[in-house]
């Protein structure tokens, strides 16, 4: 049985962010009541106040959740809120662990795709909890595969910004100011076809999934796996040595914290595959 919650430093950081958000909000209110802004400035200040209030409310709600914790046991997961009654989810109910970049969390979903539980990326030892859930999910799949998700794919931001390129181009035209905007479509193509989103490792090989395509590597063609080097943008480069072919490489963000686990899982499954293959000869 293991318990996962937010560290004191994470709660302190949320408190600091709430203070930093509340101070300008209070300043705007004082300016509105004590100053004499004209109508245009008055409405602009009200708009900023609304944005600060929304941010502050979101952070307060998040801070309340930092008092909660999750317990993983042989039976399943139990969520213990700071106030109220805990609730449990058995392993048989869990069908997938889905990452949400913009919401900064995993969703634990059932076999109908309904969310059972939210797990924040900021939980202490989130990698260990993710590994426990993946291990139980592995036993529930026909091919016994393990699935690793990229928690924060940066290319998603490029896809969200792409409409900015389409809107701005008619007004800017082919001028030097348009050069940065041309980088957005390039980034979007990278996000769609080349940014790793998920890896599935089973007994016969591994599948590297991107947003609009995937690559399949059979363990028949593999000689080993290793972390090649650290990239300039906090990426690990996983290198899969192949028999009679060039090494296959894919990127995995260091901040995900499970690059070494993925490499070991690939190598262990590959060795088990080779051992069974030799045994059956």
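The values are calculated or read from the model by the stated rules, or taken from the named source; none is laboratory data. Keep in mind the model is a prediction, meaning the values are calculated, not measured. Please note: Cβ atoms are built from the backbone with ideal geometry, for glycine as well, and neighbour counts cover all protein chains shown.
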Being surrounded by 13 or more Cβ atoms within 10 Å (Cβ to Cβ) and either touching a strand residue (DSSP E or B) at 6+ places or on another chain (Cβ under 8 Å) or free of Cβ contacts under 8 Å to residues at least 12 places away in the same chain (or both) is the filter here; which residues of the range 10-19 pass it?
13
What number of residues within the range 109-145 are closer than 19 Å to residue 65 by Cβ and in a loop (DSSP other than H, G, I, E, B)?
5
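Would you confirm whether or not the range 99-106 contains a residue that is on the phi < 0 side of the Ramachandran plot, assigned to a loop (DSSP other than H, G, I, E, B) and free of Cβ contacts under 8 Å to residues at least 24 places away in the same chain? Steps first, please.
The first filter runs over the range 99-106 and keeps only residues on the phi < 0 side of the Ramachandran plot, leaving 99-103, 105-106.
With assigned to a loop (DSSP other than H, G, I, E, B) added as a condition, the list becomes 101-103.
Checking the rest, the ones that are also free of Cβ contacts under 8 Å to residues at least 24 places away in the same chain come to 103.
Looking through the range 99-106, at least one residue is on the phi < 0 side of the Ramachandran plot, assigned to a loop (DSSP other than H, G, I, E, B) and free of Cβ contacts under 8 Å to residues at least 24 places away in the same chain.
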Is it the case that some residue within the range 188-197 is farther than 29 Å from residue 98 by Cβ and either in contact with a helix residue (DSSP H, G or I) (Cβ under 9 Å, 6 or more places away or on another chain) or modelled with pLDDT under 80 (or both)?
no
Residue that is surrounded by 14 or more Cβ atoms within 10 Å (Cβ to Cβ), modelled with pLDDT under 85, out of contact with any strand residue (DSSP E or B) (no Cβ under 6 Å at 6 or more places or on another chain) and farther than 23 Å from residue 146 by Cα, where the choices are 174, 184:
184
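Checking the structure you have, find out if any residue of the range 72-89 is part of a helix (DSSP H, G or I) and either more than 23 Å from residue 149 (Cα to Cα) or more than 20 Å from the chain's Cα centre (by Cα) (or both).
First pass over the range 72-89, keeping only residues part of a helix (DSSP H, G or I): none.
The answer is no; no qualifying residue exists.
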Out of curiosity, is residue 124 surrounded by fewer than 18 Cβ atoms within 10 Å (Cβ to Cβ), without any contact (Cβ under 8 Å) to a residue 40 or more places away in the chain and in contact with a helix residue (DSSP H, G or I) (Cβ under 9 Å, 6 or more places away or on another chain)?
no
Regarding residue 46, is this residue touching a helix residue (DSSP H, G or I) at 6+ places or on another chain (Cβ under 9 Å) and either in a helix (DSSP H, G or I) or surrounded by fewer than 15 Cβ atoms within 10 Å (Cβ to Cβ) (or both)?
yes
Subset of the range 20-30, residues surrounded by fewer than 15 Cβ atoms within 10 Å (Cβ to Cβ) and either in contact with a helix residue (DSSP H, G or I) (Cβ under 9 Å, 6 or more places away or on another chain) or closer than 30 Å to residue 68 by Cα (or both), comes to 20, 23, 24, 26, 29
Enumerate the pairs (first residue in the range 213-236 and at positive phi and part of a loop (DSSP other than H, G, I, E, B); second residue anywhere and at pLDDT 75 or above and surrounded by 11 or more Cβ atoms within 10 Å (Cβ to Cβ)) with beta-carbon separation below 8 Å, excluding pairs fewer than 6 apart on the same chain, so at least 6 apart or on different chains.
234/253
Is it the case, given these coordinates, that residue 105 is under 20 Å from residue 147 (Cα atoms) and surrounded by 13 or more Cβ atoms within 10 Å (Cβ to Cβ)?
yes
Got at least one residue in the range 59-67 being assigned to a helix (DSSP H, G or I), at pLDDT 85 or above and surrounded by fewer than 16 Cβ atoms within 10 Å (Cβ to Cβ)?
yes
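Which residues, counting only those in the range 237-260, are in a helix (DSSP H, G or I) and buried (at least 17 other Cβ atoms within 10 Å of the Cβ)? Break it down stepwise before answering.
Going through the range 237-260, the residues in a helix (DSSP H, G or I) turn out to be 254-256, 259-260.
Listed by number, the residues that qualify are 256, 259.
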